[in-house]
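Presented below is the structure to which this report refers.
Readers should treat all values here as calculations from the given coordinates under stated rules, not as data from a laboratory. All values reported here derive from a predicted model rather than from experimental measurement. Because the Cβ atoms are built from the backbone with ideal geometry, glycine has one as well, and the counts that use them run over all protein chains shown.
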Amino acid sequence: MYEKAKDLCEAFQARGIGRRDLMRRLAALGITAGIADMLVNATATRALAADFDWKAYKGTSLKLLLNKHPYADSMIADLEAFKTLTGMDVTYDIFPEDVYFDKVTAALSSHSTEYDAFMTGAYQTWQYGPAGWLVDMNEFLQDKSKVAPNYDWEDILPNLRASDSWSGKPGDALGGPGAKQWALPWGFEVYMLTYNKPVFDKLKLTPPKNMQELMTTAATITQSGGNGMYGVGLRGSRSWATIHPGFLSGYANFGGRDFTVADGKLKSAVNSKESKEFTAQFVQMVQDSGPKNWATYTWYEVGADLGAGTSGMIYDADSLGYFTATGDTKMKGQLGFAPIAPNPEMSHPTSNVWIWSLAMSNFSKRKDATWLFMQWATGTDHLLFGAREHDMIDPVRSSIWKDSEFQAHMEQKVPGFLETYQVTSPDAKIYFTPQPLFFNVTTDWAAALQRMVAKQIPVSEGLDALAAATDRQMSDAGLG
Amino acid sequence: MAQADMLWRGLRGVALTLVVVFFLFPIFWIVLMSFETNETVLQVPPTLTPHLTLQNYVALLSGKLNTATGIINITFLHNLWNSVLLSTCSVLVALILGVPAAYAFARFRFRGGEDIAFTLLSFRFAPPLLVLLPLTLYFQDIGLSNTYVGLIWIYQLICLPLILWIVRGYFEDASPDIEYAYRVDGHSWWKAFTKIAIPLAGPGIAAAALLSFIFAWNNFVFALVLASADKQPVTVGALAFVTASGIQYGIIAAAIVLSILPTLALALYAQRWLVEGLSLGAVKG
Amino acid sequence: MSEIPVTPPPLPRRPILPRALPYLLSLPALLVCIGILIPFVTAVWYSLERYNLSMPYMRSFIWFRNYISLFTDPDFWNTIQVSLIYTISTVVLELLLGLGIALLLRERSRLNNIISIALLMPLMTAPAIAALMWKLMTNPGFGVLSWLISLVGVTDFKWASSPHTAMFTVVLVDIWVYTPFMMILLLAGLRSLPQQPFEAAKLDGVNAGFVFLRITLPMLTPFLFTAVLFRTLDSIQQFDIIYAMTQGGPGNSLLVFQVRAYLEFFSYTNVGRSAAILMVLWAITYVLSQVFVRQWMKLRERAHGAS
Amino acid sequence: MNTAITKNGLHAQAIRTAFGKTTVLHDVSLAVAPGETLVLFGPSGSGKTVLLRAIAGLDPNATGHVTIAGRDVTTAGPEGRSIGVAFQNFALYPHMSARENIASPLRARKLPEREIDEKVSAIAKLLKIDHVLAQQPRALSNGQKQRTALARALVGSPKILLMDDPLRNVDAKLRYEMRMELPRLLRRANAAAVYVTQDYREAMALGDRIAVLIDGHIVQLDDPERVYAAPASVAVARLFGDPPLNLVPCRPTLANDGLHVSVFGLDLTLSMAGALAGREAMLGLRPDSIAIFADPQPGAVAATIAAVTPLHGKVVLLLRTQAGDEILASQVGRAPETGSTIWFRPETDTALLYDTETGLLAGEARTATEEAA
């Protein structure tokens, strides 16, 4: 029986069967979950260990700094596998997102040796990298002796790989020549519409395809949705997080840019004609059919309202739509997904992306051991586990998107999600110009939007003022 | 006259009722919410006869929160314990350091005394961030980052000045003659301090300790910046129930209720000293 | 007549311990706090540097240019203005309300004692958590306050989300949290006042308003002072409530000192500018606390001299 | 120097205290023999309490030497001086019963419980407070508090007894009672006692000697009778006696039969040395040395009675001469009506003469000197 179980595990290893399926079949053989887990891990270990010394840092203990996020949960659930594989121990500190990045800044700016690796976004690396807090992952990626043979770096979506790499020179393109790999992509999200099917059915609406339709649809829902329902959920807090999802995706679709770069100098482009055209519509939409307290909305509230049936749709992360559609919410199973290209003249969406990445602290005292962990965490095995068994629904590896079990799993859980992703993803990338003052610029941007929405300043005037203020900041910092 | 009196009493009653409603209604609402499921919380309009459940408390106390995305381990009880530990130790240290100092400032006029007193007081009024930011660097260097000792030390910024200020006023109002009498009786200075001065300043010390406990308990940013997750107090812990699949309003409410309970219990216990002890006694006779 | 012959006495040995005692008692407290002066000095230094963590190559000593840049920035004047409006409105309203409640609860009775302890509950709620509570209560969907005001026909009130009402909302939360602090200090003060002047005034049939203005208030001054001192200096440094509710928005309408400084450091990693903002705040609080404390000492001297 | 004092009594030498730049005591010295009561008399703020505290070792800023029973205690704390102190405000321990209050000095010496009990009971009985021993100070009447405080000061049979105006805060009746009782208690205690008071009558009643302290200087240290009869300075004269000494400005001239002064239009001859001749001076006349007549008399001046105050069986009259000068006189028996005219004559045999410039006593009538001697 043990042999049979082992065969099963080997088959699993060969991607023949999914892990869940494997566990079910093992259970049928009368093997308890505990032993099954051990077996699975043992075979996984053996397979990986075959041609690479995963045990080189046996006994070492790593510490991670994590954000409270389903992706982190998914990794935590699989940590045992890593421990078995390497004989290393991993502990972690996990913080709510409200305070997570402040915590990272505090730890890194104090050169804390406590954490070896941590979760980050690409934008953050534009600060952390030049500050000297991060290890350039190329040091490891380009050293063949350190890379496990089955670690397929090229399998990671090229836009994402590029987004985490930058030369550090303000205005230089992401992934361009001389770029350093500041972090490894691990999970990400694109921006699309998630909508409340019952209210669309009730009002006989179809998912909007561009900004104009989005505005009318949202207005219709606000007027006729009933029970205090409003049209479209959007983030609006005084934070960079307001700019980067739906807003920037639409902005880019209209051809808007944050900066124009000439001779290494950055000049704000937020008051361009395209920018004004799109921003005016966006502001109008928030005023007419956005959440009443839009100015305090973070993605939690956007998701909570959609889940509670208070908003008709959201223009936000696909993962947020997914978690709301599958989570413990009132609207569970009743949400639909749709791509959107806000500019009527554009045929396809231009979604900005947020990439949850793993970065290595430059103050880590166990860099080589940490590299093993990062390799494992961004490797195919773990990500496949996360995608199939957990909610790691935007895997960064193209092979996983092609995995039939993952596809089946998604299709069954959130019908329509994959098609929407397919339409949205080709042009999904970071549409910001990389530069170290990213957070100043985007926070001011959000504050300016808030003032426009509150009708404290007309859109055109507000954008001119924002551009002037941004230029001043850039030149103060020697960038403009 | 009697009519005016009635009117006055009536007005007073109305005013008091309004005050109580304003200050206690939010607490009441949160308590109610802590017994509701997320769905009933989110009902519009709010229902007045919700279905009450203990599940939020069970989740918090057992440390397991079931959500659609899986079981989330909650460390709330550990956060609570951290709060208790940090606040209690900080107040104790502040008492041990602050009461003798307050006594010195109240009893002796000595060179530099007022300057030292003001310097200590001014720590209370320095913007905490000003100190906190460079401190993160130093803490790393001297190995205090992420230790209870380091946190308790920094919490002195909150506790010590408050205790100094209130207890000093209390000592100043007590006649030194009583201690002098005890000393000429043949008791040592230390005995006079412990057997006379401290018991007589008891209510002031208790009130100051309670207030500084509350302020230490309520602190948010010190631990957030200086400590890792396992040292975080409830103020940070309560944020953890914002999850990807929705905000766990019921659990947040229960966490808030649990976070108020210890200080409330302490206040109830110390209430007989509170008002008397805070009477800083600046005016007598 | 037994006059003592006055021979010039040898300079007596003054006992060391009694003279050292006050230092022995107060220095431990000072020593523990003095460690905190080191980061303070560091912060002063930072404020004179162009120092952005994410642009380490730009780091240089620039004298007062951070300050000049702050004071020529209309946004910073907005910060000063917003901070002052916040401070003045919270302190004045809390003082009036706290005094009013303390007067209502002045008589020692069981009910009054219970109420006064119950009213402390908001103070026991951490401001960060209180802000969360009020955020829930003012949620336009399920928030109970939004529902309540909708019953009286107000449906378009946006609480913290509109620049017109955001200040009102955070001030309301501050009042909710800190009025109990005022109340308990003033109540303690009221109850510690000697009874004779009030009894005398009652016998003389002096009207209540006069008694309040001419007897109660003057005698309560030291308590009012302490309460206002602590509240003013806390309020001008407000962070938790505003940051948790609006992060300084909408627009720049609540961008008070510490929120601004926090953003400058944690979001923008601009250490120099953050330190300069905090130094300005520190200077303001230092001057205020000096004025307050001196005045308070004078009051005490007077009170003690009179007794 | 008196060896008894050095050996068993209190000897304070060159006590100096300063608060900041103000010197409160200027090298004050005094000695008290066992069984003797020295009254420290002076106006408020003159440094009496400060001196007492310096002696008790309660003022770390004081300099000077204190010797108690031959032992130099200058560097000892208050607990090492075996003294008893009665404070003006009683200074009872509010959180202890009267019994524990009184027992405190005995407890400090770690006496056996039985002995403590006996001693406390004995002293309480003596002071008539044995029935309130179980009570806390707040339940005691003022008089009982005062007696408790005294009992505490006496119970340990201290060698030195310091009393800081202990009768100040009790009512007139109690004060009177205690004034009668205290000498007996002090004799029994056989300690060197220093008693602070602002009341000259109390000083006279209790003091074996009186030290008058003004502005941090002992300006007179003498028997009570001498201080009364011949205050050493204008300042002492103004404080000592009720009604106070009349001080009349004058410029004495020297003649063969003595010193002449011209006051109230009278030419008075003083039988004293002529040191002040030709200088500004003050003639000190005790109110009871003003003879009063209902009818004109030779050498008497007419005056209107401006005010009448009864005082301790006497009446004090404020007289105003036609020239507008005022003088106080006291007499036994019924007072004349206010507004009526009488005649008065200063008796020169107790007259005193003060130097206006220094304020010091420059001369006293010989008869007075003889009487005092």
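Each DSSP beta bridge with both residues in chain A is either parallel or antiparallel, and the antiparallel ones are about 70%. Translational diffusion coefficient, Stokes-Einstein: compute it for the range C:198-239 using the Kirkwood radius over C-alpha pairs as Rh, at 10 °C and 1.306 mPa s, and state it as an integer in µm² s⁻¹. Here the translational diffusion coefficient equals 132 µm²/s.
Counted by Cβ distance under 13 Å from B:Leu160, the other residues give a net charge of +2, where Lys and Arg count +1 and Asp and Glu count -1.
The P(r) of chain A has a tail past 29 Å containing 51 percent of all C-alpha pairs. For the peptide B:21-31, the mean number of other protein chain Cβ atoms found within 10 angstrom of a residue's Cβ is 6. Amide H contacts for A:Lys63 (H built 1.01 Å from N in the peptide plane; partners 5 or more residues away or on another chain; cut-off under 5 Å): A:Thr91, A:Asp116, A:Ala117. Rounded to the nearest 20 debye, the dipole magnitude of the protein assembly as shown is 2280 debye, with +1 charges on Lys and Arg beta carbons, -1 on Asp and Glu beta carbons, and the Cα centre as origin. Share of antiparallel DSSP beta bridges in the range A:195-354, in percent to the nearest 5? So the antiparallel bridges in the range A:195-354 amount to around 70 percent. Going from the residue with the fewest nearby Cβ atoms within 10 Å to the one with the most, D:Cys250, B:Cys89 rank B:Cys89, D:Cys250. Excluding the site residues themselves, the longest part of chain C lacking any chymotrypsin sites (Phe, Trp or Tyr not before Pro) in a DSSP loop with at most 15 other Cβ atoms within 10 Å is C:65-307.
Peptide A:59-68 is shielded by partner chain Cβ atoms: per residue, an average of 1 of them sit within 10 Å of its Cβ.
The calculated Kirkwood hydrodynamic radius for the range A:297-387 is 16.4 Å, given to one decimal from all distinct C-alpha pairs. Using the Cα gyration tensor of the protein assembly as shown, with a ≥ b ≥ c the square roots of its eigenvalues, what is the shape: rounded (a/c below 1.5), prolate (a/b larger than b/c) or oblate (neither)? It is prolate, given that a/c is not under 1.5 and a/b is the larger ratio.
Fraction of C-alpha pairs exceeding 25 angstrom in the range D:3-232: 39 percent, rounded to a whole number. Taking a ≥ b ≥ c as the square roots of the eigenvalues of the Cα gyration tensor of chain B, is the shape rounded (a/c under 1.5), prolate (a/b larger than b/c) or oblate? Because a/c hits 1.5 or more and a/b fails to exceed b/c, chain B counts as oblate.
For the residues of C:154-163, the average number of beta carbons from a partner chain within 10 Å of their own beta carbon is 5.
Cut-off 10 angstrom, C-alpha nodes, Gaussian network model of chain C. Which of C:Leu111, C:Leu37, C:Leu24 fluctuates the most? So, out of C:Leu111, C:Leu37, C:Leu24, the one fluctuating most is C:Leu24.
Each residue of the range D:288-303 in order: what ³J(HN,Hα) in whole Hz does its phi give by Karplus 6.51 cos²θ - 1.76 cosθ + 1.60, θ = phi - 60°, with x for Gly and Pro? Values, residue by residue: 7, 9, 9, 7, 10, 10, 7, 10, x, 9, x, x, 10, 10, 7, 8 Hz. Once the Cβ-Cβ distance of A:Gln412 and C:Asp156 is raised to the sixth power relative to R0 = 41 Å, the FRET efficiency obtained is 0.45. Counting only the Cα atoms, the range D:223-331 fills a convex hull of 121 Å³ per residue. Overall, the range B:109-226 carries a charge dipole of about 100 debye about its Cα centre when +1 sits on the Cβ of Lys and Arg and -1 on the Cβ of Asp and Glu, all other atoms neutral. Between B:Glu36, B:Glu114, B:Glu172, where does the largest GNM mean-square fluctuation fall for chain B, given springs only between Cα atoms within less than 10 Å? Highest fluctuation of the listed residues: B:Glu114. For the range D:257-304, the square roots of the Cα gyration tensor eigenvalues, ordered a ≥ b ≥ c, give a/c of at least 1.5 with a/b greater than b/c, which places it in the prolate category. As I understand it, the dipole of chain C uses +1 on the Cβ of Lys and Arg and -1 on the Cβ of Asp and Glu, about the Cα centre. Which of C:Val259, C:Leu233, C:Ser161 lies farthest toward its positive end? So the residue furthest toward the plus end is C:Leu233. A helix-only calculation puts chain B at -23000 deg cm²/dmol for mean residue ellipticity at 222 nm, using -39500 (n - 2.57) for each DSSP H run of at least four residues, averaged over all residues. Counting Lys and Arg as +1 and Asp and Glu as -1 over every other residue whose Cβ lies under 9 Å from the Cβ of D:Arg201, the net charge comes to -2. Between the listed residues A:Gly187, A:Ala131, A:Gly309, the Cα displaced farthest toward the positive end of the dipole of chain A, a dipole computed from Cβ unit charges relative to the Cα centre, is found at A:Gly309. From the residues C:Gly35, C:Leu96, D:Leu270, which one has its Cα farthest along the dipole of the protein assembly as shown in the positive direction, the dipole being from +1 and -1 charges on Cβ of Lys/Arg and Asp/Glu about the Cα centre? Checked the options; the winner is D:Leu270.
Looking at this model, which pairs from A:Lys267/C:Lys135; A:Lys146/A:Lys402; A:Lys58/A:Lys169; A:Lys332/C:Lys135; A:Lys63/C:Lys158; A:Lys330/C:Lys135 are more than 32 angstrom apart at the alpha-carbon? Cα-Cα > 32 Å for A:Lys267/C:Lys135; A:Lys58/A:Lys169; A:Lys63/C:Lys158; rest within.
Going by neighbour counts of Cβ atoms within 10 Å, the residues D:Thr341, A:Thr120 line up, fewest first, as D:Thr341, A:Thr120. Dipole magnitude for chain C: about 640 debye, using +1 per Lys or Arg Cβ and -1 per Asp or Glu Cβ, origin at the Cα centre. Within straight-line reach of C:Lys298, meaning a Cα separation under 29 Å, sit the following lysines at least 8 residues removed in sequence or on another chain: B:Lys284, D:Lys21, D:Lys48.
Our coupling estimate for the range A:177-185, obtained by passing each phi through the Karplus curve with A = 6.51, B = -1.76, C = 1.60 and θ = phi - 60°, is x, x, 6, 9, 8, 6, 7, 10, x Hz, Gly and Pro reported as x. Report note on the peptides A:338-346, D:315-323, D:202-210: ranked by the mean count of other C-beta atoms within 10 Å, highest first, their order is D:202-210, A:338-346, D:315-323. For D:Ala307, the residues 5 or more places off, or on other chains, whose built amide H falls under 5 Å of its own are D:Leu318.
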